[in-house]
1. Take region 585-680, compute every pairwise Cα distance, and split them into 5 Å bins from 0; I just need the percent in each bin.
2. Which Rg and Dmax, in Å, describe the Cα atoms of region 880-951?
3. Could you order the peptides 282-295, 516-529 from most to least packed, using the average number of other C-beta atoms within 10 Å per residue?
4. Please identify the DSSP H helices in the chain that span no less than 24 Å along the helix axis (Cα) and have a mean Kyte-Doolittle hydropathy of -0.5 or more.
5. Using 1/(1 + (r/R0)^6) with R0 = 22 angstrom and r between the beta carbons of Ser65 and Glu248, what's the FRET efficiency to the nearest 0.05?
6. For region 291-364, treating each Cα as an identical point scatterer without solvent, what Debye log10 I(q)/I(0) comes out at q = 0.18 1/Å?
7. For a Förster distance of 41 Å, can you work out the FRET efficiency between the beta-carbons of Glu431 and Leu940, rounded to the nearest 0.05?
8. Cross-link list Lys28/Lys478; Lys741/Lys806; Lys192/Lys690; Lys96/Lys741: which exceed 23 angstrom alpha carbon to alpha carbon?
Amino acid sequence: MVSPSSATESPSSPPTPPTLWHSLSAEKALVLLESDPEQGLSAAQIQERTDRFGPNELEEKAGRSSWSILLDQFTNIMLIMLLAVAVVSALLGSVKDAIAILVIVGINGLLGYLQESRAEKALAALKKLSSPVVRVQRSGKTDEVPAQLLVPGDIVFLEAGGQVSADGRLLEAANMRIREAALTGEAQAVTKSAAAVLANDASLGDRTNMVFQGTEVLQGRGTMVVTSTGMSTELGRVATLLQGVESEPTPLQRRMSQLGNVLVSGALILVAIVVVVSVLQVPDGFARIFRGDLTPLQEPLQVSLSMAVAVVPEGLPAVITVALALGTQRMVRRNALIRKLPAVETLGSVTTICSDKTGTLTQNKMVVQKVHTASTTFDVSGSGYTPEGQFQKVEAAQANGGQAVEAKTDPELHSLLLACVVCNDAVLKSEPPNIWSVVGDPTEGALLTLAGKAQLDKSHVGQQLHRAAEFPFSSDRKRMSVICDRKSEAALPLPVQTPYLMFTKGSPELVLERCNRILVGQQLVPIQEAQRRQVLQQNEDLAGRGIRVLGFAARELETLPAEDSDETTEQGLVWLGLVGMLDAPRPEVRDAVARCRQAGIRPVMITGDHQLTAVAIATDLGIVQEGAQSLGGKELERLSQSELENTVEEVSVYARVSPEHKLRIVRALQKNGEFVAMTGDGVNDAPAIKQADIGIAMGITGTDVSKEASDMVLLDDNFATIVAATEEGRVVYSNIRRFIKYILGSNIGEVLTIAAAPILLAGGSVPLTPLQILWMNLVTDGLPALALAVEPAGPNVMRRPPFSPKESIFARGLGLYMIRIGIIFGILSIILMQIAFNFRNEFGTDPDSWKTMVFTTLCLAQMGHALAIRSNSLLTMEMNPFSNPYVLGAVSVTSLLQLALIYVEPLRSFFGTHVLSLTQLGICIGFSALMFVWIEGEKLFIRLVKGRQEG
């Protein structure tokens, strides 16, 4: 009976427990799937299973439509209020004001739509991972069929260079190696074995008898029986996880929503007060309204419209968008590409960075670090695949400060390096300027690099030792041997004269047990038991530090051995030594981890690699201390989500994890109040990347799936870049708070001035029209606010813990500052308004020019505010004015534009202003300068109080 874990059954089918195919023999799997390896499935079986399980495709859930996203933009409470103001303005005859307001509302709605409408294409990228056509056995014939027509039980042939199109249990595997990096995140190719039967709880990366959709066959050939198709494959499970992740609003979006609610609520309360007071000043005002005479409401309504426009910072969304866009440009210069604009600010709130190991914390390049021969232990310097470095005797390093050893003068080391070159199918390539890469297996690339550091070139060695035959590597033998024809008469470090020479590479224990001699100096001597114990101890010590170890041996041969004689030929070997290699940490990551800790950010390693290796790297980088707790995938599987939530605060290294594990870890951290950044490059990382508050994909090694799920892409795949981007995020958030203080302080002043006019001025009207208020909110506030958005970072930006992502926009004194400065704005403007109104007939200009004086004073006062607000503690004269020259430029341009509104006829007519005399303009400048004096005085007062407290 067919019971694939896999397959997506029809809704009427009862759910079946998942089958652990890796724990079954190939024969048992065929029985359960009712399939025959010789005949394959019949046409009737194929039709029945197609109907039952559906096509072998990833299914996509419907997302929000473009219209839905666009309409959602106009549910913002501030935009709704502006729309209402536009409608009332039009009804009262102020068509010009109504059109201007509607244009602003439309622009703000469009900005929001453009930010949100970027379609998620992660699933489309997932679909590309399947081969379009596969070779199958059906009804006793070999045929090629489209991959989407595969069903559980199909017999599929695999060969090098092809992609796997469904999950399957291997029936045959000949020298097969598969790259599963897209699914597991680990670059090391996996050797497959059809004969293996594994434990039920074997992790995904250890299932050597299985193949998975989306992975790539690098070497060999094989046959599999399909066990899972469509959404039931491991790739399908990733798609399900990916589509199950809901997007949460960013901290900035939550704060802007809170800001809108507070502003609109405050405005409505103030409007109600003004309307009531204004109507009370009219004789029998309420009685007339109740009789249907709305005349007493006309003036209060005009005031209310102006107040509503004044309270909404119309320019704020545009300024924030530009600030975030400028942040993205700075981040690109630091190798961080922002895909979703709000992520710029969100980075500043990160409290935990969950990083993949391979390629992010490490170089994703195997590097040999240790070599043991019979007599000597060597440390090897150098990084990456660049064949430059030195061999240094460990004893010599302690004795004489690290004198380098010439490899070719040491016959033991020279012989071992020859074996590294001969037992090798990889190729080293260099491109200008001195950039080295490997074609083939990374482990073999590391061995070629090691030999290159001793000037042993593969082509040159090949002329001395021509490959005549080989016994290929297999997962059963765990070793490989290469037989060389010694056609060249060149001398070798090994004291042998036979026409053929065999070199063997593999698992140290298995190679060592086939050795009966050892190379000491230039002599082959019988290996002693003490020497065996020493080799095994060296191997154990290296493996315990997470280092991958290979053993090398050699044997002289008189004749070329038969093809299937590996068992007898690989005996009586000469032990040459051990080579220990590691995917070495990036040199700059240690400093980046230290900066993280200094900034109150906790680094966490989550990897698919082995636990010992993960802990060794994490300890080396300073992520954890020696002996710190780590958690493997099997242990994590046994924890409930609540238990995991208690554990994640103590554990900073997770190894051998699956996509579900990564997602659970991120959710557990978020449940504990952490603000999480998650990095990754594989398909398996995509759900956790999308779930994280900041999802970060790798630009070089990352799959399209992980990039599409991310908020940010690291162009250099470097952990240090995340720390740099976090710094930029903190700077952006600080600048956003700075210009919100700047904008809203003046808005409160405008509202108070407008509200006071009908109450304090007998027979006076509203001093500011909606169009003039829009000018102030968009131009007078907007240009300097943009300049403040590029204020450089303060010296302590990465020497403090991150601010809570849940903190209010008004936290840390911002709300109090806005109210305090708004009141000062209002008081200055109201005093000026009283003077200008009372002496309106004394200036020799238009009697209504007092309104232009109020308008001009508010605008020019904001210029002084912009200069003073750059620092909370330093006086303007103490700051370098050219550290942000844009502020000086914005203040100058805005002041000139304001004068143009007064003295240029077309602008004066459009905005309804009046020409001011020099006396009137001087009074405006004098009153506006008081704003600058007040803020500077506050700084001096605070400094004086702090000085007394410290004294």
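What follows is calculated from the coordinates using simple rules that are stated; it is not laboratory data. Quantities reported herein were computed from a predicted structural model and do not represent experimental measurements. For neighbour counting, all protein chains shown are included, and Cβ atoms are generated from backbone atoms with ideal geometry for every residue, glycine included.
1. Here the calculated profile for region 585-680 is 3, 13, 25, 25, 21, 10, 3, 0.
2. Cα radius of gyration and Dmax of region 880-951 are 18.2, 60 Å respectively.
3. Per-residue mean Cβ counts within 10 Å order the peptides as 516-529, 282-295.
4. Numbers: long enough: 95-116 (32 Å, 1.32); 251-281 (45 Å, 1.39); 295-311 (25 Å, 0.79); 316-333 (26 Å, 1.11); 719-760 (61 Å, 0.76); 814-838 (35 Å, 1.90); 849-868 (29 Å, 0.77); 885-903 (27 Å, 1.54); 918-950 (48 Å, 0.66).
Once both thresholds are applied, what remains is 95-116, 251-281, 295-311, 316-333, 719-760, 814-838, 849-868, 885-903, 918-950.
5. Values: r = 21 Å, r/R0 = 0.94.
After rounding to 0.05, the efficiency reads 0.60.
6. Log10 I(q)/I(0), no solvent term: -0.88.
7. Values: r = 60 Å, r/R0 = 1.47.
So, using R0 = 41 Å, E works out to roughly 0.10.
8. Cα-Cα > 23 Å for Lys28/Lys478; Lys192/Lys690; Lys96/Lys741; rest within.
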